[in-house]
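The values are calculated or read from the model by the stated rules, or taken from the named source; none is laboratory data. Here the structure is a predicted model, which means the values were calculated and not measured. Virtual Cβ from ideal backbone geometry, glycine too; neighbours counted across all protein chains shown.
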Amino acid sequence: MAKLKTIFFGTPDISVPYLELTHQLTDIQLVVTQADKPRGRGMEISPCPVKKRALELGLSVLSPEKLKDSFDQISAVPFDLGIVVAYGKIFRPNFLALPKLGLINVHFSLLPHLRGAAPVQQALIQGYTQTGVSTFWICEGMDDGPLFLQKETAIEPQDNAKTLFEKLIPLGVDALRETITRAENGDLPRVPQTGEPTLAPMISKEEAVLRPAELTATQLHNKVRGLACGPKPKIPFTKNGKNDLLQLISTQLSAGNTASSALPGTVLNIERGNGILVKCKEGSLWLKEVQPAGKKPMPAEAFANGYGVKSNDGAFVE
């Protein structure tokens, strides 16, 4: 049986395993990535990870600034199926009509839950305990096309964005393998999405500033988990009249009853091995590991010792 002819659309490092699988299972006619951009410490103009790997594999690559400007080039390439994994651009209707079978997207959630650009981060931020991967047919709406298949996984209490990506990437590779194999055999399910959709928008740097007066302990903890891959979660910090932002590496919900009339942001306790206990809008949260500006990550109690933070301080009160 002849292999499916495909075009692969992807950009970041998480897309590379999917490129490699698509190369293994299909006849890739073209790889389309976002344009070369300044990257790294030196901010030199460099190709994205998918482009680097595609060139290593000897594949033809197109990296347009705007996808619409490459329509003529892409439409000149006959292909059966488009595979899209974290490409980062929206497909206009004229692109959707190009492949014989359609465009398949690999999305890191159980659609219609968590439609949008940050489903892994938002699954944690929004307190999900179950998520997964969907392969679906791209339509004009945002992540609302009919489903091909889905695979599920649990979100454990200790998971953060890094560990959840580590679970979902291989799960998604399995999902794409099954999707391509079934498509090759003419099995092309198009199951409408059902249920109430939820959204997974990108998180801005401003939204990554976490204020105890505005968030419950659970909400603040879940945001720290969800932002483990960026933008960096930070908490406002005041000492000796100076305001700063302290990066939060890890936190832990307090197991005990910490009812207190103190203002949110007040330091309730400092314990070796636990860190700094901070009053939140509701409940309290242990800051376990932190990173002051210009310093390396450190245990929160070491930060407290070095910066003169003590119990009953209003160090995180605004």
Exercise for review: Please enumerate the residues belonging to the stretch 149-192 that are outside any helix (DSSP H, G or I), surrounded by 15 or more Cβ atoms within 10 Å (Cβ to Cβ) and without any contact (Cβ under 8 Å) to a residue 60 or more places away in the chain.
Suggested key: Leu149, Gln150, Lys151, Thr153, Ile155
Exercise for review: Only residues in the stretch 49-75 that are under 16 Å from Pro12 (Cα atoms) count as the first member; pair them with residues that are of a type outside the set (Asp, Glu) and loosely packed, with under 13 Cβ neighbours inside 10 Å, Cβ under 7 angstrom, at least 6 apart or cross-chain, and list the lot.
Suggested key: Leu62/Gln73
**Study point:** Selection status of Thr22, crowded, with 17+ Cβ neighbours inside 10 Å and either assigned to a strand (DSSP E or B) or outside the structural domain of Gly116 (by TED's automatic domain parsing) (or both)
**Key:** no
Practice item. Just one of (1) at positive phi; (2) within 15 Å of the chain's Cα centre (by Cα); (3) of a type outside the set (A, V, I, L, M) trips up Gly102, so point out which. Key: (2)
Exercise for review: Being at pLDDT 95 or above, closer than 30 Å to Leu287 by Cα, loosely packed, with under 15 Cβ neighbours inside 10 Å and not β-branched (Val, Ile, Thr) narrows it down to one of Lys232, Lys205, so name that one.
Suggested key: Lys205
**Study point:** The listed residue being out of contact with any Leu (no Cβ under 7 Å at 6 or more places or on another chain), assigned to a loop (DSSP other than H, G, I, E, B), surrounded by fewer than 22 Cβ atoms within 10 Å (Cβ to Cβ) and hydrophobic (A, V, I, L, M, F, W, C), out of Ile45, Ile90
**Key:** Ile90
Exercise for review: Considering each of Gly127, Gly132, Gly145, Gly195 in turn, give the residue that is outside the structural domain of Val278 (by TED's automatic domain parsing), part of a strand (DSSP E or B) and at pLDDT 95 or above.
Suggested key: Gly132
Review point. Given the residues Thr218, Thr238, which is the only one that is out of contact with any helix residue (DSSP H, G or I) (no Cβ under 8 Å at 6 or more places or on another chain), surrounded by fewer than 16 Cβ atoms within 10 Å (Cβ to Cβ) and assigned to a strand (DSSP E or B)?
Key: Thr238
Practice item. Please indicate, with yes or no, whether at least one residue in the stretch 101-109 is at pLDDT 95 or above, out of contact with any Leu (no Cβ under 6 Å at 6 or more places or on another chain), within 28 Å of Gln219 (Cβ to Cβ) and surrounded by 21 or more Cβ atoms within 10 Å (Cβ to Cβ). Key: yes
Review point. Are there any strands (runs of 3 or more DSSP E) wholly within the stretch 259-304 with 1 or more residues that are of a type in the set (D, E, K, R) and surrounded by 23 or more Cβ atoms within 10 Å (Cβ to Cβ), and if so which?
Key: 275-279
